[in-house]
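J.: Let me give you the structure first, and then I'll get to my questions.
The values are calculated or read from the model by the stated rules, or taken from the named source; none is laboratory data. Bear in mind the structure is a predicted one, so any value in this text is a computation, not a measurement. Neighbour counts are summed over all protein chains in view; Cβ atoms, including those assigned to glycine, are modelled from backbone coordinates with ideal geometry.
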Amino acid sequence: MEGAIATAFDGAYGKIGGRTFLEIANEVCKKALAVICIGTCSSYGGVQAAKPNPGGYKGVGEALGIKTVNIPGCPPNPVNFVGTVVNYLLLGKLPDLDEVGRPLFAYGKTIHDLCPRRSHFENDEFVKEFGSKEAEMGYCLYKMGCKGPDTYNNCPVVKFNEGTGWPIGAGHPCIGCSEPNFWDKMAPFFVASK
Ligand code: SF4
């Protein structure tokens, strides 16, 4: 499944060919062997579920009242999706999940736990301004709002674009995009958590 499901006004805010997402998902998902949600929107509602959420958008599991395997991220990492499918093909079962439906093999540790800038965090070496000497030296982005300590995902290891880059590697703080309700919970993105 991709995308959030509109639930307010009988699902009128999300339609394909005159049928609501809610109606189609109810028909399809309940017959499925397993439902894998790709991306933060189908996993937890995503940006359209941010306050005030007039369309009543929800993730698939919450909208349909079913258990789903969630591969959140904005974007989600295709490696984590393929790993989930291969786990089923090889072992005949879905991978173990955390309490918000994410496979532990991919979301078992925080970005902060895996981050190559972690030694700078421990040594109080922080970037305080984009474009500064500290930013150039790859210091820790915590004071620029990095949400890596509160975010579970394997981005530092798997990376994106065939392993060539990822947000912190490019000098941008993590915004926590694989966490439920991150638009509300993690904002403001460029201010350090207390
Ligand atoms: S850049 Fe972010 S994830 Fe990396 S060590 Fe600093 S706070 Fe942790």
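J.: Are any of the residues in region 171-182 out of contact with any Gly (no Cβ under 6 Å at 6 or more places or on another chain) and farther than 26 Å from S43 by Cβ?
T.: yes
J.: If you don't mind, there's one more thing I want to ask. Show me the helices (runs of 4 or more DSSP H) entirely contained within region 133-194 in which 2 or more residues are touching a residue at least 40 places away in the same chain (Cβ under 8 Å).
T.: 155-158, 182-185
Here's the yes/no breakdown for (1) modelled with pLDDT under 95; (2) out of contact with any His (no Cβ under 8 Å at 6 or more places or on another chain); (3) closer than 28 Å to N53 by Cα:
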residue: V82; (1), (2), (3): no, yes, no
residue: P103; (1), (2), (3): no, yes, yes
residue: E122; (1), (2), (3): no, yes, no
residue: E125; (1), (2), (3): no, yes, no
residue: T151; (1), (2), (3): no, no, yes
residue: C177; (1), (2), (3): no, yes, yes
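J.: Determine if region 110-128 includes at least one residue that is touching a residue at least 60 places away in the same chain (Cβ under 8 Å) and surrounded by fewer than 18 Cβ atoms within 10 Å (Cβ to Cβ).
T.: Checked against the condition, which is being touching a residue at least 60 places away in the same chain (Cβ under 8 Å) and surrounded by fewer than 18 Cβ atoms within 10 Å (Cβ to Cβ), region 110-128 yields no hits at all.
J.: Test of understanding: among G138, G171, G145, G163, which residue is at positive phi and either assigned by TED's automatic domain parsing to the domain that holds V79 or more than 10 Å from the ligand (Cβ to nearest atom) (or both)?
T.: Only one candidate qualifies: G163.
J.: G131 versus (1) closer than 20 Å to G108 by Cβ; (2) more than 13 Å from the ligand (Cβ to nearest atom); (3) not hydrophobic (A, V, I, L, M, F, W, C): which is the lone unmet condition?
T.: (1)
J.: Answer with yes or no whether F105 is assigned to a helix (DSSP H, G or I), away from the ligand (no atom under 16 Å from the Cβ) and surrounded by 18 or more Cβ atoms within 10 Å (Cβ to Cβ).
T.: Judged against the criteria, F105 is not a match.
J.: Any idea which of (1) closer than 22 Å to P76 by Cα; (2) surrounded by fewer than 16 Cβ atoms within 10 Å (Cβ to Cβ) is the one G18 doesn't satisfy?
T.: So the condition that G18 fails would be (1).
Matching residues to (1) in a helix (DSSP H, G or I); (2) outside the structural domain of T84 (by TED's automatic domain parsing); (3) modelled with pLDDT of 95 or more:
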residue	(1), (2), (3)
D10	yes, no, no
I24	yes, no, yes
S42	yes, no, yes
K51	no, no, yes
P54	no, no, yes
G61	yes, no, yes
I66	no, no, yes
N70	no, no, yes
